[in-house]
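Q: Questions regarding the structure given below will be posed in turn.
Rule-based calculations on the coordinates, nothing more; no lab input. Computed from a predicted structure; not experimentally measured. Note: ideal-geometry Cβ built from the backbone for every residue, glycine included; neighbour counts use all protein chains shown.
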Amino acid sequence: MSYSPPRPTGQAERKVRVLTGLLAVAALVAALVALWQTQSTPLARRTYCWGAWTEGSGPFRDGGRERAAEESVPTRERPRGHCVLSWRGGRGAGAYEQRIEVRLGTGPRDAEGRRDWVGGLFAGGDRALPGLLPGFTADGSGALVLPESCDVGGRPSVVTLTSSFTDAADRGSHPGFPDDSSPSRTGELLVRVANRATEATRCSSAPSLRLRPEPPLSSPPPAPDTSDTPAGRCAIPGLGEDAAGEHLTDTVGGGAGDDLQSCAVSGGDDGRPAARFTMVGRPRIVALFDGLTGASAPAPGWRGRGRIDAAGA
């Protein structure tokens, strides 16, 4: 004796089909609503460089098209990362291709590799960030040292930013941005991404860094005495003139300030400075040089010996 379940009637089959259709429509509507909410809320706007900038902020002043991003997000367990952005902007003769590279790291551990790395940080003739922030910028590049709690293996963590663009006119590469390559803009971008780095790695509970403009003075400062340091000369003591008291004609001044000054000696075969000297008094920047000299002379041919100590800056 065989058994088979009762077959549904025509009315039951219609109810099943209607119910299935309603469920499919409901699922489709829910998906569309979720998609609309995702695309229309600020939380869904694409972010770049570890979340430092959204589509319409940071470096994207004129929008940009054909954006490409490659990044490695730093974490508490892996406190290093990088971000590379590129896009096209402008039209016609004003068209350009933009590129930004951001890195978080501590640099090499060995003295020779670290010396080259530190030299690269200061390669642009740097200007100190205002408000005693532990960083500096040049046209299109900059570096900012994170708080001491973010050190890794006793070495300071540094966020670096480099920007450049290629225009349609001469296809040449230029530092910065077509509309504004000022150090102040570079500083704004640098501070924002540095704050994001500390958030991502959870290495500091200190308040976020802020790029405050220098406060206006109630009265103009007295004119500095430049009789001993002509315009364009190096203002670092001992480097502005030779042993005979004559000015070094091949030495040009770079960024200058009470606690950060840099000078470059021209004459390199490739158009780059033959040498660069930096005098800095901000402890976190000085910490970048820890361990580079030891008890030996700081460079071949130097007779003097010295000690670099961030605590004494």
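Q: Per the Debye formula with a single identical scatterer at each Cα and no solvent contribution, what log10 I(q)/I(0) holds for region 106-204 at q = 0.19, 0.21 Å⁻¹?
A: -0.96, -1.09
Q: Let me ask you something else. Using modelled backbone amide H atoms (1.01 Å from N, in-plane), which distant-in-sequence or interchain residues come within less than 5 Å of LEU129's amide H?
A: GLY135, PHE136, THR137
Q: Right, another one. Of all trypsin sites (Lys or Arg not before Pro) in region 50-118, which ones are in loop regions per DSSP and have a Cβ with at most 12 other Cβ atoms within 10 Å?
A: ARG76, ARG91, ARG109
Q: Under the Karplus relation 6.51 cos²θ - 1.76 cosθ + 1.60, θ = phi - 60°, what is the ordered set of whole-Hz ³J(HN,Hα) values for region 135-149, x standing for Gly and Pro?
A: x, 8, 9, 9, 6, x, 8, x, 8, 9, 8, 6, x, 4, 5
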